[in-house]
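**Q** Next up is a structure, given as structure tokens.
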Amino acid sequence: MTDSYDLVVIGAGSGGVRAARMAATYGAKVAIIEEFRVGGTCVIRGCVPKKLYVYAARFHDMFDVAQSFGWQVDASFDWPTLVAAKEKEITRLEAAYVANLEKPGVEIIRDRGLVTGPNGVHLVGQGRDLTAKYILVATGAHPFVPPIPGAELAITSNEAFDLPALPHSILIEGGGYIAVEFATIFAGLGVDTTIIYRGDCILRGFDEDMRRGLEAGLTDRGIKLIYQTTIKSLAKHGKDISATFSDGVTAPYGAVMFATGRNPNVRGLGLDKAGVKLTPMGAIAVDAWSQSSVPSIYAVGDVTGRAALTPVAIREGWYFAETVFNDNKLAVDHSQIPTAVFSDPEIGVIGLTETEAATHGDIDVYLARFRPMMNTLSTRTERMILKLITEKDGGKVLGCHILGSGAAEMIQLVAIPMGMGASKADLDRAIALHPSAAEELVTFKAPTYTYRDGEKIGG
Ligand code: NDP
């Protein structure tokens, strides 16, 4: 039996769900195939549960500061309570995703989909074949685990959310988003936490002040950082796992987690048979409209190796539906994406880093480091950092980098004027809101330092 559709989407994560819903809204006959849970990484084992766990971990800091405001806190933490509450919430969200698909008439098929050709999809479990005018691959990505002896003893972010119990200690390999966010979570929940990273400072590619500021913040919270080292092998050590490092040192940990990047889910999808070309990094190669080398096959989200962020996948899915099913050709602008790292302290960034901007021409850098008001009654010395990078002499804002409480919320709003091409003079017209941390962004008087002809002046 063959069923025909205008669109078959493989993968019901952020990008796939948005594309399916929008296409159905425009009158297309749509099926979406999902072999796991509807919602994808973001809802089930990514952004949403991560942020819930970050909230849980941040009570640690809050209890710490609370005493300086006169509170006496005698708190204890129960991991199973958090896991169960998280599960309840993601189950609620999953049901909402299902309802939102069903409302415009999208058929949800619980199976594994295999591309058999430019217009064919095979359902592995049901043994059924579908034909589709268009196929959208939105299968996401999976954690990459370095192929070392004993790697199977370690966990990834997939397993971290549902551990039966919190380990007494954890070693996390990697220096990216997931490593620092989970280090924040585990340390905040009382786990003795170590990050091991092959580079010389976490968050490669971020602005240097953000990297160094976060490094100090993690260290202040008792997180140990081991640099220029990797894990060479893992072995059982009683109830613990013993890790041997590239420098020959061996140490036992209650758990070991790899946060060493994520690879696109392309294997076993039949893409090669259909003639879909991949990038050198193994992602599906697509053009600005998310069309692959096979004209009837499109791809959105992490599987395309563009920006691996939920809102980007959602926008790609939406614009795909506009382009293909609403006669409204739209390409996603990937040039100015706000992003946040939900570590403690938090980071929010948009635009160019100082190093990048300095190679683009003459720039001014406005930098504020201050003790947030929340900390002023306590002995905490942690500084908040706000950095604004503009073209010289009050020109266009090129980048904004914030480290500290509320950074993610602030940067989302900064993204609006930046998207409109705002200049420093535009920010200056805003009246400050006092007392707030964000007021620093509109009260910078003179640059802290500048770059002229690539040379740093002042600072
Ligand atoms: P990242 O790419 O951010 O970081 C991967 C880290 O692993 C890097 O530090 C990298 O080192 C290191 N690494 C890679 N390969 C190896 C190896 N073979 N041995 C040792 N170390 C290695 O990936 P994540 O897994 O942290 O996250 C994946 C993506 O998911 C992110 O890039 C982001 O797009 C998204 N994400 C976004 C979040 C958010 O918006 N808050 C939260 C979580 C994930 P090096 O720096 O040297 O390359």
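The values are calculated or read from the model by the stated rules, or taken from the named source; none is laboratory data. All figures in this text were calculated on a predicted structure; none of them were measured in a lab. Every residue, glycine as well, gets a Cβ built from its backbone with ideal geometry; the counts of neighbours run over all protein chains shown.
**Q** Filter the range 445-459 down to the residues that are within 27 Å of Glu409 (Cα to Cα) and buried (at least 19 other Cβ atoms within 10 Å of the Cβ) and list them by number. Talk me through it step by step, then tell me what you get.
**A** First pass over the range 445-459, keeping only residues within 27 Å of Glu409 (Cα to Cα): 445-449.
Matches in the range 445-459: Pro447 only.
**Q** Would you call Thr229 over 21 Å from the mean Cα position of the chain (by Cα) and either away from the ligand (no atom under 11 Å from the Cβ) or part of a helix (DSSP H, G or I) (or both)?
**A** Working: over 21 Å from the mean Cα position of the chain (by Cα): yes; either away from the ligand (no atom under 11 Å from the Cβ) or part of a helix (DSSP H, G or I) (or both): no.
For Thr229, the condition - over 21 Å from the mean Cα position of the chain (by Cα) and either away from the ligand (no atom under 11 Å from the Cβ) or part of a helix (DSSP H, G or I) (or both) - is not met.
**Q** Exactly one condition in (1) within 24 Å of the chain's Cα centre (by Cα); (2) assigned to a loop (DSSP other than H, G, I, E, B); (3) among the hydrophobic types (A, V, I, L, M, F, W, C); (4) over 30 Å from Arg267 (Cβ atoms) is not met by Ala331; state its number.
**A** (4)
**Q** Conditions: (1) farther than 24 Å from Thr310 by Cα; (2) in contact with a strand residue (DSSP E or B) (Cβ under 9 Å, 6 or more places away or on another chain). Trp79 meets all but one. Number of the miss?
**A** The number of the failed condition is (2).
**Q** I've got another one for you. Looking for whichever is small (Gly, Ala, Ser), surrounded by fewer than 24 Cβ atoms within 10 Å (Cβ to Cβ) and without any contact (Cβ under 8 Å) to a residue 40 or more places away in the chain here; the options are Gly190, Gly199. Which one fits?
**A** Numbers: Gly190 fails: without any contact (Cβ under 8 Å) to a residue 40 or more places away in the chain.
From the options Gly190, Gly199, the qualifying one is Gly199.
**Q** Out of curiosity, is Thr379 more than 29 Å from Thr193 (Cβ to Cβ), away from the ligand (no atom under 16 Å from the Cβ), surrounded by fewer than 21 Cβ atoms within 10 Å (Cβ to Cβ) and among the hydroxyl-bearing types (Ser, Thr, Tyr)? Step through it out loud before you land on a result.
**A** Working: more than 29 Å from Thr193 (Cβ to Cβ): no; away from the ligand (no atom under 16 Å from the Cβ): yes; surrounded by fewer than 21 Cβ atoms within 10 Å (Cβ to Cβ): yes; among the hydroxyl-bearing types (Ser, Thr, Tyr): yes.
So Thr379 fails the test.
**Q** I'd like to check something: does the range 193-208 contain any residue that is charged (D, E, K, R), within 30 Å of Thr359 (Cβ to Cβ), within 13 Å of the ligand (Cβ to nearest atom) and part of a helix (DSSP H, G or I)?
**A** The first filter runs over the range 193-208 and keeps only residues charged (D, E, K, R), leaving 198, 200, 204, 207-208.
Then drop every residue that is not within 30 Å of Thr359 (Cβ to Cβ), which leaves 198, 200, 204, 207-208.
Keeping just the survivors that are within 13 Å of the ligand (Cβ to nearest atom) gives 198, 200, 204.
Next, from what is left, pick out any that are part of a helix (DSSP H, G or I): none.
There is no residue in the range 193-208 that is charged (D, E, K, R), within 30 Å of Thr359 (Cβ to Cβ), within 13 Å of the ligand (Cβ to nearest atom) and part of a helix (DSSP H, G or I).
**Q** Filter the range 1-50 down to the residues that are in a helix (DSSP H, G or I), among the hydroxyl-bearing types (Ser, Thr, Tyr) and away from the ligand (no atom under 16 Å from the Cβ) and list them by number. Lay out the reasoning, then the answer.
**A** Here is the first cut: in the range 1-50, the residues in a helix (DSSP H, G or I) are 14-25, 40-45, 47-50.
Add one more test, that the residue is among the hydroxyl-bearing types (Ser, Thr, Tyr), and what stays is 14, 25, 41.
Scanning the range 1-50 gives a single hit, Thr25.
**Q** Another question, if that's okay. Could you list, in sequence order, all residues of the range 307-335 that are touching a residue at least 60 places away in the same chain (Cβ under 8 Å) and away from the ligand (no atom under 15 Å from the Cβ)?
**A** Of everything in the range 307-335, those that are touching a residue at least 60 places away in the same chain (Cβ under 8 Å) and away from the ligand (no atom under 15 Å from the Cβ) turn out to be Gly317, Trp318, Phe320, Ala321, Glu322, Val324, Phe325, Asn326.
**Q** Of the conditions (1) of a type in the set (D, E, K, R); (2) surrounded by fewer than 24 Cβ atoms within 10 Å (Cβ to Cβ); (3) more than 22 Å from Gly268 (Cβ to Cβ), Arg18 clears all except one; give me its number.
**A** (2)
**Q** While we're on this one: Name the residues in the range 238-275 that are within 16 Å of the ligand (Cβ to nearest atom) and at positive phi, would you?
**A** Within the range 238-275, just Gly261 meets the criteria.
**Q** Same structure again: Going through the range 430-454 one residue at a time, which ones are among the small types (Gly, Ala, Ser) and either touching a Cys at 6+ places or on another chain (Cβ under 9 Å) or under 22 Å from Met374 (Cβ atoms) (or both)? Talk me through it step by step, then tell me what you get.
**A** Initially, the range 430-454 is screened for residues among the small types (Gly, Ala, Ser), giving 430, 432, 436-438, 446, 454.
Listed by number, the residues that qualify are Ala432, Ser436, Ala437, Ala438.
**Q** Also: Applying the selection to the range 240-270, what residues are over 13 Å from Ile196 (Cβ atoms) and assigned to a loop (DSSP other than H, G, I, E, B)?
**A** Within the range 240-270, Gly248, Gly254, Gly261, Asn265, Val266, Arg267, Gly268, Leu269, Gly270 meet the criteria.
**Q** Sort through Ala368, Ala415 and tell me the only one that's within 16 Å of the ligand (Cβ to nearest atom), closer than 27 Å to Tyr55 by Cβ and of a type in the set (Gly, Ala, Ser). Quick ask: steps written out before the conclusion?
**A** Details: Ala368 fails: within 16 Å of the ligand (Cβ to nearest atom).
Criteria check complete, one pass: Ala415.
**Q** If you don't mind, another one. Report yes if Ala288 is out of contact with any strand residue (DSSP E or B) (no Cβ under 8 Å at 6 or more places or on another chain), in contact (Cβ under 8 Å) with a residue 40 or more places away in the chain and in a loop (DSSP other than H, G, I, E, B), otherwise no. Let's see the steps before the verdict.
**A** Values: out of contact with any strand residue (DSSP E or B) (no Cβ under 8 Å at 6 or more places or on another chain): yes; in contact (Cβ under 8 Å) with a residue 40 or more places away in the chain: yes; in a loop (DSSP other than H, G, I, E, B): yes.
Taking the combined requirement at face value, the residue satisfies it.
**Q** Let me ask something additional. How many residues, within the range 280-300, are among the hydrophobic types (A, V, I, L, M, F, W, C), away from the ligand (no atom under 15 Å from the Cβ) and over 18 Å from Ala20 (Cα atoms)? I'd like the intermediate steps shown before the answer.
**A** Of all residues in the range 280-300, those among the hydrophobic types (A, V, I, L, M, F, W, C) come to 281, 283-286, 288-289, 294, 297, 299-300.
If we keep only those that are away from the ligand (no atom under 15 Å from the Cβ) too, we end up with 284-286, 288-289, 294, 297, 299.
Those still in the list that are over 18 Å from Ala20 (Cα atoms) too: 284-286, 288, 294.
Of the residues in the range 280-300, 5 are among the hydrophobic types (A, V, I, L, M, F, W, C), away from the ligand (no atom under 15 Å from the Cβ) and over 18 Å from Ala20 (Cα atoms).
**Q** From the list Gly27, Gly46, which residue is at positive phi and small (Gly, Ala, Ser)? Explain how you work it out, then say what you get.
**A** On the way: Gly46 fails: at positive phi.
Gly27 is the lone residue from the list that is at positive phi and small (Gly, Ala, Ser).
**Q** Here's something else I'd like to know. Among (1) in contact (Cβ under 8 Å) with a residue 24 or more places away in the chain; (2) farther than 28 Å from Ala216 by Cα; (3) within 16 Å of the ligand (Cβ to nearest atom); (4) part of a loop (DSSP other than H, G, I, E, B), which single condition is Val303 missing?
**A** Unmet for Val303, out of (1) in contact (Cβ under 8 Å) with a residue 24 or more places away in the chain; (2) farther than 28 Å from Ala216 by Cα; (3) within 16 Å of the ligand (Cβ to nearest atom); (4) part of a loop (DSSP other than H, G, I, E, B): (4).
**Q** Are there any strands (runs of 3 or more DSSP E) wholly within the range 91-187 with 1 or more residues that are modelled with pLDDT of 95 or more and away from the ligand (no atom under 16 Å from the Cβ), and if so which? Even if it seems obvious, please write down each step before you answer.
**A** Working: elements: 107-110, 113-117, 120-123, 128-137, 141-143, 169-173.
Here the list reads 107-110, 113-117, 120-123, 128-137, 169-173.
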